[in-house]
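To keep things clear, I will list the structure first and then write my remarks on it.
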Amino acid sequence: MEKSIIDKYNIPVPRYTSYPPANFFEETFTSNDYLHAIEDSNSSQPSHISFYIHIPFCRHMCHYCGCNSFPMMKQENIDRYVQALFKEIDMVKPLLDKNRKIAQIHYGGGTPTVLPVVVLKEINEKLLEGFETIENPEIAIECHPGYLDEAYWRGLTQAHFNRFSLGIQDFNEEVLKGVNRRPSLVPVEDIFNILRDANARINMDFIYGLPLQSVESFTQSIKKAIQLKPDRLVTFSYAHVPWVSKRQLILEKLGLPSSELKKELFETASSLLTEAGYHLIGMDHFVKQDDELNIAVHHKQLHRNFQGYCTRRTTGQVYAFGVTGIGQLSSAYIQNCKNIEEYIQTIEESKLPIFKGYKLSNNEQIARFVIEALMCNYAIYWEDACQYFGITKEQLLQAIHYDEQKLNEFKLDGLIQWRQSGIEMTEEGKLFVRNIAASLDPLMVNTTKRFSKPV
């Protein structure tokens, strides 16, 4: 790809892990709005249930992190937080139709593995109680290997988890030191053996675009990962958003890679993983050929929520618990409050800890369908959306920001194939799928919101 094209399209646009993006959520959204959204969700499609648990605590803070994370607190406050989690679950679960099935449970943070294994097991059992599950539900947890010994890993395999995301980020210890992250306490090979013995599925997470990374060093990290044969490997593009996370300013002093180097890091990793038999899913996931995500993308049926990419089988309405947790229902998004003490006190008063949210209009639900299809499957066919919503093509195009002049520009620059039937990304264009999605987004017209760059 020509440098001029990279420079032209490497502009801030939403990541579209949700639509609308989280910075459009409104503080006017209330607990009553959430209760109405829960009621609607019981008769919505997809019907399955997904639970998200947010554990905000970290033993120390990685400089690159833009997540909702907090330093460790006194044990008594962590215990209060866990009790608040249990109570919040008790407040929401009875409102869900018992005929629905659990498809996913996902733990994020922060660092979920700061909690004792026995506590994580208790939370899982509370979530699973009273509901059937789909066949082979996904019960996943994000893990920081820097602090976990062999006994802890074995304990996790006995706590109902069946998918583990190992936050490796980079195997190069100089890079890890620069971003204030500890390398794995236990050799990663030993972790794999423990998890494989339990028939668990293993993800490995890497970040490209960090200070001190080079093509040579990142190549070695990816080669080492390939030798371990993870089920999935994720290469996240580092998002520099110091207005969200001020600690990221530390990385500017070390020097951030150029856009050209970031692109080379990703392309090198992609080439190595493709050669090893992995297939690129969406913007950053590499999976084995028989992975259900790969099968879904070939049938143009890949989906995405705040828990990541998922299939039609595992897609569900997302109910979130914990501070800053974001729920994702058919008609609304809901985010819990961001202050830990406020969250605990609100729950202790038997109130839902709602901070903000967003009620989607009918047109916004259409726009979400279009953008999700493009982001997940690199294609949107107008007929699919028309059939799903029972609308005409004219109604569909009126619901999105359909600019033929802009689409033709993308086509001439080699990013898309644009026909009357819909839009397909070219191989070179996939790097800038966020740009095409943003061009179709009515909310991006004259917006003043701030976003990260694609590269």
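Restricting LEU176, LEU127, LEU148 to those that are modelled with pLDDT of 95 or more and under 17 Å from ILE105 (Cβ atoms) reduces the list to LEU127. Of the residues ILE78, ILE6, ILE53, the single one that is assigned to a helix (DSSP H, G or I) and modelled with pLDDT of 95 or more is ILE78.
Scanning for something in the same structural domain as GLN317 (by TED's automatic domain parsing), touching a helix residue (DSSP H, G or I) at 6+ places or on another chain (Cβ under 7 Å) and either closer than 23 Å to LEU329 by Cα or aromatic (Phe, Trp, Tyr) (or both), does the range 98-106 turn up at least one residue? So that I can check it myself, show each step before the final result.
Going through the range 98-106, the residues in the same structural domain as GLN317 (by TED's automatic domain parsing) turn out to be 98-106.
Remaining after also requiring touching a helix residue (DSSP H, G or I) at 6+ places or on another chain (Cβ under 7 Å): 102, 105.
Then keep just the ones that are either closer than 23 Å to LEU329 by Cα or aromatic (Phe, Trp, Tyr) (or both); that gives 102, 105.
Yes, that holds for at least one residue.
For the range 341-355, check the following and say yes or no: at least one residue is farther than 30 Å from PHE70 by Cα, outside any helix (DSSP H, G or I) and more than 16 Å from the chain's Cα centre (by Cα). There is no residue in the range 341-355 that is farther than 30 Å from PHE70 by Cα, outside any helix (DSSP H, G or I) and more than 16 Å from the chain's Cα centre (by Cα).
Being outside the structural domain of TYR107 (by TED's automatic domain parsing), surrounded by 20 or more Cβ atoms within 10 Å (Cβ to Cβ), without any contact (Cβ under 8 Å) to a residue 40 or more places away in the chain and not small (Gly, Ala, Ser) is a property that holds for THR346. Got at least one residue in the range 274-283 being under 17 Å from HIS54 (Cβ atoms) and either touching a residue at least 12 places away in the same chain (Cβ under 8 Å) or not in a helix (DSSP H, G or I) (or both)? No, every residue in the range 274-283 fails to be under 17 Å from HIS54 (Cβ atoms) and either touching a residue at least 12 places away in the same chain (Cβ under 8 Å) or not in a helix (DSSP H, G or I) (or both).
State the number of residues belonging to the range 312-332 that are among the aliphatic types (A, V, I, L, M) and in contact with a Pro (Cβ under 8 Å, 6 or more places away or on another chain). Working first, answer last.
Residues of the range 312-332 among the aliphatic types (A, V, I, L, M): 318, 320, 323, 326, 329, 332.
Applying the additional criterion that residues be in contact with a Pro (Cβ under 8 Å, 6 or more places away or on another chain) yields 323.
The qualifying residues number 1.
For residues in the range 137-183 being β-branched (Val, Ile, Thr) and under 21 Å from ALA269 (Cα atoms), which is surrounded by the most Cβ atoms within 10 Å (Cβ to Cβ)? For the range 137-183, the residue satisfying everything is ILE168.
Count, please, the residues in the range 20-50 that happen to be among the β-branched types (Val, Ile, Thr) and part of a helix (DSSP H, G or I).
Taking the range 20-50 first, the residues among the β-branched types (Val, Ile, Thr) are 28, 30, 38, 49.
Subsequent filtering for residues that are part of a helix (DSSP H, G or I) retains 38.
Here the count works out to 1.
Restricting the search to the range 317-334, which residues are under 14 Å from the mean Cα position of the chain (by Cα) and closer than 19 Å to GLN45 by Cβ? If you could, list the steps in order and put the result at the bottom.
If we filter the range 317-334 for residues that are under 14 Å from the mean Cα position of the chain (by Cα), which is where we start, we get 318, 320, 325-328.
If the condition is that a residue be under 14 Å from the mean Cα position of the chain (by Cα) and closer than 19 Å to GLN45 by Cβ, then VAL318, GLY327, GLN328 are the ones that fit.
Surrounded by fewer than 18 Cβ atoms within 10 Å (Cβ to Cβ) and either small (Gly, Ala, Ser) or at pLDDT below 95 (or both): does that describe GLN420?
Numbers: surrounded by fewer than 18 Cβ atoms within 10 Å (Cβ to Cβ): yes; either small (Gly, Ala, Ser) or at pLDDT below 95 (or both): yes.
For GLN420, the condition - surrounded by fewer than 18 Cβ atoms within 10 Å (Cβ to Cβ) and either small (Gly, Ala, Ser) or at pLDDT below 95 (or both) - is met.
Return the only residue of LEU256, LEU249 being modelled with pLDDT under 95, more than 17 Å from VAL455 (Cβ to Cβ) and among the aliphatic types (A, V, I, L, M). Reasoning before the result, please.
Numbers: LEU256 fails: more than 17 Å from VAL455 (Cβ to Cβ).
From the options LEU256, LEU249, the qualifying one is LEU249.
Looking across the range 189-216, just one residue is closer than 16 Å to LEU261 by Cα, in contact with an Asp or Glu (Cβ under 8 Å, 6 or more places away or on another chain) and surrounded by fewer than 17 Cβ atoms within 10 Å (Cβ to Cβ), and that is VAL215.
Starting from residues that are among the charged types (D, E, K, R), touching a strand residue (DSSP E or B) at 6+ places or on another chain (Cβ under 9 Å) and closer than 25 Å to ASN336 by Cα, keep the ones in the range 351-398 and report whichever is surrounded by the fewest Cβ atoms within 10 Å (Cβ to Cβ).
First pass over the range 351-398, keeping only residues among the charged types (D, E, K, R): 351, 356, 359, 364, 368, 372, 383-384, 393-394.
Then keep just the ones that are touching a strand residue (DSSP E or B) at 6+ places or on another chain (Cβ under 9 Å); that gives 356, 359, 364, 372, 383-384.
From what's left, closer than 25 Å to ASN336 by Cα: 356, 359, 364, 372.
On the way: LYS356: 19, LYS359: 15, GLU364: 20, GLU372: 19.
Within the range 351-398, the match that is surrounded by the fewest Cβ atoms within 10 Å (Cβ to Cβ) is LYS359.
Picking from residues in the range 297-316 that are among the polar types (S, T, N, Q) and under 15 Å from the mean Cα position of the chain (by Cα), the one that is surrounded by the fewest Cβ atoms within 10 Å (Cβ to Cβ) is THR311.
Is it the case, given these coordinates, that LEU249 is touching a Ser or Thr at 6+ places or on another chain (Cβ under 9 Å) and outside the structural domain of TYR388 (by TED's automatic domain parsing)? Walk me through it before giving the result.
Numbers: touching a Ser or Thr at 6+ places or on another chain (Cβ under 9 Å): no; outside the structural domain of TYR388 (by TED's automatic domain parsing): yes.
Here the answer is no, as LEU249 does not meet what is asked.
Quick one: in the range 15-68, which of the residues that are closer than 27 Å to ALA438 by Cα and aliphatic (A, V, I, L, M) is surrounded by the fewest Cβ atoms within 10 Å (Cβ to Cβ)? Across the range 15-68, the extreme among qualifying residues is ALA22. Residues that are among the aromatic types (Phe, Trp, Tyr) and outside any loop (DSSP other than H, G, I, E, B) were ranked within the range 56-75; the one that is modelled with the highest pLDDT is PHE57.
Among the residues of the range 242-254, those that are surrounded by fewer than 15 Cβ atoms within 10 Å (Cβ to Cβ) and assigned to a loop (DSSP other than H, G, I, E, B) comprise PRO242, TRP243, VAL244.
The values are calculated or read from the model by the stated rules, or taken from the named source; none is laboratory data. Note that this is a predicted model, so its numbers are computed, not measured. Quick reminder, even Gly has a Cβ in these numbers, built from the backbone with ideal geometry, and neighbours come from all protein chains shown.
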